[in-house]
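As structure tokens, the structure follows; a few thoughts come after it.
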Amino acid sequence: MSTTKTDQEWREKLSPEQYAVLRGKGTEPPFTGRFVHTKDDGTYRCAACGAELFSSETKFDSGSGWPSFTEPKNSANVELHEDRSHGMVRTEVTCKSCGGHLGHVFDDGPGPAGKRFCINSCALDLDTSTQ
Ligand code: FE
């Protein structure tokens, strides 16, 4: 699946905050997003294109102020990129389907793989009909 829209179409579809994160690679302020403390069961989908990204089963409280997951629901649905912006070397996480910026992944997570996918709430929608 490929979701290709023009910049103008993304501006019309997304809220200004979502546009700044998903298309502008921005970061929402910590502890401000609507899913930081959410424990509801479901599947977190891309807010831009609806792709299945994370399961609530892998969500954990990282204390970082952003929704955090130990792994993607399907690793084929995300892409990882080296990010050298802001004087740091980080690994950016994007939605494979629409190319939207989701957040970053770090190596200090609690699961067997030791990953912490640190994702902006506004880049996600929670679908409680599936998990
Ligand atoms: Fe997407």
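Of note:
- Summed residue charge, Cβ within 14 Å of residue 85's Cβ, Lys/Arg positive, Asp/Glu negative: 0
- ³J(HN,Hα) computed for each position of region 116-130 - Karplus, 6.51 cos²θ - 1.76 cosθ + 1.60, integer Hz, glycine/proline x: 10, 7, 9, 10, 5, 4, 6, 8, 10, 10, 9, 9, 8, 8, 9
- Neighbourhood net charge (13 Å Cβ-Cβ; Lys/Arg +1, Asp/Glu -1) for residue 75: 0
- Accessible surface, per residue, of the chain when the full set of protein chains is kept, probe 1.4 Å, Å²: 53 Å²
- Average projected area [Cα convex hull, the chain], square nanometres: 7.7 nm²
- Fluctuation leader among 81, 104, 37 - the chain, Gaussian network, Cα springs under 10 angstrom: 81
- In sequence order, region 39-49 has phi-based couplings of 10, 5, 6, x, 10, 7, 9, 5, 5, 8, 10 Hz under the Karplus curve 6.51 cos²θ - 1.76 cosθ + 1.60, θ = phi - 60°, and Gly or Pro positions carry x.
- Carbon plus sulfur fraction of accessible area for the chain, probe 1.4 Å, in percent: 47 percent
The values are calculated or read from the model by the stated rules, or taken from the named source; none is laboratory data. It should be emphasised that the depicted structure is a prediction, and the values quoted were computed from it without experimental measurement. Please note: Cβ atoms are built from the backbone with ideal geometry, for glycine as well, and neighbour counts cover all protein chains shown. These area figures cover heavy atoms from the full protein model, side chains too; ligands, DNA and RNA do not enter into them. Shrake-Rupley method; radii C 1.70, N 1.55, O 1.52, S 1.80 Å.
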